[in-house]
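Take a look at the structure below.
The values are calculated or read from the model by the stated rules, or taken from the named source; none is laboratory data. This one's a predicted model, so the numbers in the text were calculated from it and none came from an experiment. Virtual Cβ from ideal backbone geometry, glycine too; neighbours counted across all protein chains shown.
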Amino acid sequence: MSLSFQFADFQAFIAMGGHGIYVWLCYGIVITGLLGLVIAPVINRKKFIKSQQSILRRQASQNQAH
């Protein structure tokens with residue numbers, strides 16, 4: 001079993017027989033989506049923690065005022 005490179009050179013690999021734009025565009029869309037799925041929860045978690053800390057501070061200051 002021998003493995004061989006399917007394209008003559010790197011330029012042919014990028015062009016993918018004329019379908020390169022579609023192939024690389026699909027890869028880009030998928031990678032962007034996956035990054036969004038990883039980054040969005042991290043950002044939302046930070047926002048949630050910050051809002052909860054703000055609520056706790058507000059409640060603490062109200063309790064001290066009474």
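Structure notes:
- Residue identified as hydrophobic (A, V, I, L, M, F, W, C), on the phi < 0 side of the Ramachandran plot and modelled with pLDDT of 95 or more among ILE43, ILE14: ILE43
- Count of segment 12-26 residues which are aliphatic (A, V, I, L, M) and not in a helix (DSSP H, G or I): 0
- Flag for VAL30 being surrounded by 10 or more Cβ atoms within 10 Å (Cβ to Cβ), part of a helix (DSSP H, G or I), among the β-branched types (Val, Ile, Thr) and modelled with pLDDT of 90 or more: yes
- Whether a residue is outside any helix (DSSP H, G or I) and free of Cβ contacts under 8 Å to residues at least 24 places away in the same chain was assessed, and SER4 passes this test.
- Just one of the listed residues (VAL23, VAL38) is loosely packed, with under 10 Cβ neighbours inside 10 Å and either at pLDDT 95 or above or touching a Cys at 6+ places or on another chain (Cβ under 6 Å) (or both), namely VAL38.
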